[in-house]
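Below is one structure, written out as structure tokens, with a few remarks after it.
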Amino acid sequence: MEIEKIKNIIVGQKEDLADFFKRKKIVEREVELGQFKKFLAHPNVLVITGPRRAGKSVLAVTLFSGKNYGYLNFDDERLAGFESDDFNAVLEAFYDLNGADVEYLIFDEIQNIPNWELFINRLRRTKKIIITGSNANLLSGELATHLTGRHLEAVLYPFSFREYLKVRKMEIAKEDFYSTKKISQIKKQLQKYLADGGFPETFLFGPAMVSKIYDDVITKDILLHYGVKNKKAFRELANYIVSNFGKDLNYRKLGTVFAIKNVHTVKNYVEYLRTSFLIFVLEKFSYKLKQQYITSKKVYGVDTGLVNSVAFQVSENSGRLMENAVMIDLMRRKNYFKEFTEVYYWRDYTGKEVDFVLKRGTKIVELIQVCQNLTNIETKEREIRSLFLASEELNCNTLIIITADEDKVEKIEGKKIQFIPLWKWLLQK
């Protein structure tokens with residue numbers, strides 16, 4: 001590829017970014033920026049993964065703010081035909097445009113180009129590099145082997161509810177947790193957040209943008225990237241899985257429904273959805289690792305607005321949307337704040353279930369149920385009974401039930417249960 005064409009693309013992309021930063025208020029994300037900046041003070045590679053359009057590029061540029069940096073996004077139709085032999089031309093273009101002393105480089109979606117690992121491994125000895133990508137297996141290849149101790153991985157998700165309120169210019173103070181008026185405003189915003197989700201572009205172009213993001217992931221990141229042959233079956237299966245968020249995932253049943261004979265093909269399809277950050281796959285907790293692998297799994301969407309764009313049943317799904325919102329925020333807390341190491345669900349042989357089991361090291365640290373409404377006595381007793389059974393089996397006494405409105409602590413049969421409304425739980429640091 002001609003170097004002049006590459007320079008034209010680099011300049012155009014950087015102008016677009018500069019224009020975006022001038023026109024839009026940039027919300028500070030909850031990831032640990034200080035840790036990233038300290039890491040990038042030395043020649044290192046920071047790898048930021050996450051869903052498409054979650055704000056990875058903006059975060060990368062923010063980290064190099066005030067620096068002389070080079071930027072190239074490979075998810076650009078003008079780079080069609082770019083090959084690994086063209087990487088040297090990219091480096092030469094950066095030197096021509098930024099000067100020979102340029103040491104900060106950002107590469108978006110570079111995994112689209114064969115042998116990109118060799119190029120990055122060569123540069124990382126003298127440059128500070130940020131790579132962004134929308135594939136969870138970005139570092140599963142050769143680069144991970146070469147970068148041991150020289151790279152840091154981070155996952156960026158769509159806006160949390162806390163970040164969402166910042167975009168809406170709604171600041172929350174400690175005393176607001178006790179203001180009836182403020183709580184009412186927060187709850188209204190929560191309903192909109194659950195319906196629209198947290199993708200930044202929904203604030204610019206409306207909820208319809210989420211459907212475009214979903215279609216881009218299916219088409220570019222899966223069908224084209226993995227060369228899926230039965231495109232119709234895959235699209236139908238993807239829509240079905242995303243629409244059935246919060247429910248069990250059964251590979252054989254999926255194969256039967258969509259006439260996919262090989263169960264391994266179904267597993268591969270689900271893995272494509274997971275590694276492309278469209279879904280989370282939650283395993284059942286068991287002290288026996290083999291049981292975790294062979295028992296039923298549950299699936300959740302990476303954004304409530306995304307699952308709504310596929311399922312089209314916001315009001316009917318309100319309870320499951322609450323559960324999905326909790327799952328997403330648990331993944332944020334795990335990746336951003338390192339509050340715990342693993343998330344599971346629990347179910348016994350009778351079908352009693354706890355939505356989320358949080359594990360740190362070898363210890364279960366928290367059990368969480370999500371139930372929209374506990375006014376029905378039978379429903380409340382069922383949720384509490386499941387918590388108690390899991391508490392005894394897993395030796396955990398931190399018990400939480402997340403609801404739409406209840407906010408209290410009850411002592412039942414010698415155990416304390418915290419009832420907390422979803423809005424309050426989502427706003428906790």
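The values are calculated or read from the model by the stated rules, or taken from the named source; none is laboratory data. A quick note: this is a predicted structure, and the numbers were derived from the prediction, not measured. Every residue, glycine among them, receives a Cβ derived from its backbone with ideal geometry; neighbour counts consider all protein chains shown.
Quick look at the values:
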{"quantity": "Residue check, Glu92 part of a strand (DSSP E or B) and either within 26 Å of Arg333 (Cα to Cα) or modelled with pLDDT of 90 or more (or both)", "calculated": "no"}
{"quantity": "Evaluation of Asn262 against (1) closer than 20 Å to Val326 by Cβ; (2) without any contact (Cβ under 8 Å) to a residue 12 or more places away in the chain; (3) not hydroxyl-bearing (Ser, Thr, Tyr) (one fails), failing number", "calculated": "(1)"}
{"quantity": "Among the residues listed as Lys38, Lys7, the single one being in a helix (DSSP H, G or I), basic (Lys, Arg) and free of Cβ contacts under 8 Å to residues at least 12 places away in the same chain", "calculated": "Lys38"}
{"quantity": "Test: residue in the range 287-299 that is modelled with pLDDT of 95 or more and part of a helix (DSSP H, G or I)", "calculated": "no"}
{"quantity": "Exclusive hit being more than 22 Å from Leu278 (Cβ to Cβ) and either of a type in the set (Gly, Ala, Ser) or touching a Phe, Trp or Tyr at 6+ places or on another chain (Cβ under 7 Å) (or both), set Thr341, Thr403, Thr379", "calculated": "Thr403"}
{"quantity": "Unmet criterion (only one of (1) assigned to a loop (DSSP other than H, G, I, E, B); (2) crowded, with 16+ Cβ neighbours inside 10 Å) for Ile26", "calculated": "(2)"}
{"quantity": "Hits in the range 172-202 (condition: within 11 Å of Leu427 (Cα to Cα) and outside any helix (DSSP H, G or I))", "calculated": "Ile172, Ala173"}
{"quantity": "Enumerated strands (runs of 3 or more DSSP E) restricted to the range 315-425, each holding at least 1 residues that are in contact with a strand residue (DSSP E or B) (Cβ under 6 Å, 6 or more places away or on another chain) and acidic (Asp, Glu)", "calculated": "342-347, 353-360, 363-370, 408-412"}
{"quantity": "Yes/no for Thr202 being closer than 25 Å to Thr275 by Cα, β-branched (Val, Ile, Thr) and surrounded by 14 or more Cβ atoms within 10 Å (Cβ to Cβ)", "calculated": "yes"}
{"quantity": "Criterion: more than 13 Å from Phe285 (Cβ to Cβ) and out of contact with any Asp or Glu (no Cβ under 8 Å at 6 or more places or on another chain) - qualifying residue of Leu321, Leu374", "calculated": "Leu321"}
{"quantity": "Test set (1) closer than 26 Å to Val266 by Cα; (2) free of Cβ contacts under 8 Å to residues at least 24 places away in the same chain - Lys220 fails condition number", "calculated": "(2)"}
{"quantity": "The range 46-79, subset at positive phi and touching a helix residue (DSSP H, G or I) at 6+ places or on another chain (Cβ under 9 Å), residue surrounded by the fewest Cβ atoms within 10 Å (Cβ to Cβ)", "calculated": "Arg53"}
{"quantity": "Candidates Lys424, Lys429 - the one that is at pLDDT 95 or above and out of contact with any helix residue (DSSP H, G or I) (no Cβ under 6 Å at 6 or more places or on another chain)", "calculated": "Lys424"}
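Residues checked against (1) more than 26 Å from Lys192 (Cα to Cα); (2) β-branched (Val, Ile, Thr); (3) in the same structural domain as Asp196 (by TED's automatic domain parsing):
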{"position": "Ala325", "(1), (2), (3)": "no, no, no"}
{"position": "Lys334", "(1), (2), (3)": "no, no, no"}
{"position": "Arg347", "(1), (2), (3)": "yes, no, no"}
{"position": "Lys352", "(1), (2), (3)": "yes, no, no"}
{"position": "Leu358", "(1), (2), (3)": "yes, no, no"}
{"position": "Ile364", "(1), (2), (3)": "yes, yes, no"}
{"position": "Gln369", "(1), (2), (3)": "no, no, no"}
{"position": "Glu383", "(1), (2), (3)": "yes, no, no"}
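Condition check ((1) modelled with pLDDT of 90 or more; (2) under 24 Å from the mean Cα position of the chain (by Cα); (3) buried (at least 19 other Cβ atoms within 10 Å of the Cβ); (4) outside the structural domain of Gly55 (by TED's automatic domain parsing)) across all residues:
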residue	(1), (2), (3), (4)
Leu143	no, yes, yes, no
His146	no, no, no, no
His151	no, yes, yes, no
Asp176	yes, no, no, yes
Ser179	yes, no, no, yes
Ser184	yes, no, no, yes
